[in-house]
Amino acid sequence: MTRLLPLLLFALAATASAQSEVFVEQAGSTFGVSTDVVIGSGAVNAQSALNTATAGVSPATNVAAITQEGADNRVDLTQQGIGNRLGLFIDGNSNQFQLSQIGSYNEFVADVIGDGNVLGPESIQAGTGNQYTLLSDRVSGEVHSLQQYGDANQAFQVVGQGLKPASIQQRGSGMQVMVERR
């Protein structure tokens with residue numbers, strides 16, 4: 001499995017082209033990777049999102065950055081363990097992203113630009129102390145869905161005019177949701 005990790009990271013870091021699909025699964029805390037290895041594409045926006053998501057991250061943390069540019073791309077990502085970080089940048093139309101972070105103290109930061117993008121429909125964070133941040137602007141017809149299970153999880157959204165009603169479900173205690181419309 002550890003031999004496949006560099007191949008997975010290369011596929012993850014590459015800028016997605018039209019109609020491409022990427023499926024990534026991370027488990028445990030033994031797949032530590034430096035930011036320079038993950039960002040093989042050199043994409044400025046993915047780097048920015050990843051820097052935000054990885055401030056103060058231990059080297060034993062699963063770290064991923066994904067850039068989707070163009071149309072009709074699809075990414076399904078699973079991270080398991082403690083302290084996982086994901087930075088996502090979408091710039092294009094009709095892209096799909098599915099997130100599953102299982103464990104505690106995981107972070108997801110996304111910046112989305114474009115029309116008809118789908119985040120979900122079954123994106124989940126399960127565990128304690130997880131954080132989900134979505135920045136979405138200049139969009140039309142975007143669909144967003146998130147489920148958080150556990151205690152002390154947080155969901156933050158800063159959205160522009162075109163976001164359709166988002167679905168956020170939280171189950172546990174000490175949860176927090178903030179939605180800011182521009």
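Quick note: the coordinates plus some simple rules give every number you see, no bench work behind them. Computed from a predicted structure; not experimentally measured. Counting neighbours? That spans all protein chains shown, and the Cβs are built from the backbone with ideal geometry, glycine included.
Data for the structure
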| item | result |
| --- | --- |
| Label-point separation in nm, Arg182 to Glu122, each point 7 Å along Cα→Cβ | 3.3 nm |
| Two-site label geometry, Arg171 and Val158: point separation in nm, points 7 Å out along Cα→Cβ | 3.2 nm |
| Percent of alpha-carbon pairs separated by more than 14 Å within segment 110-152 | 51 percent |
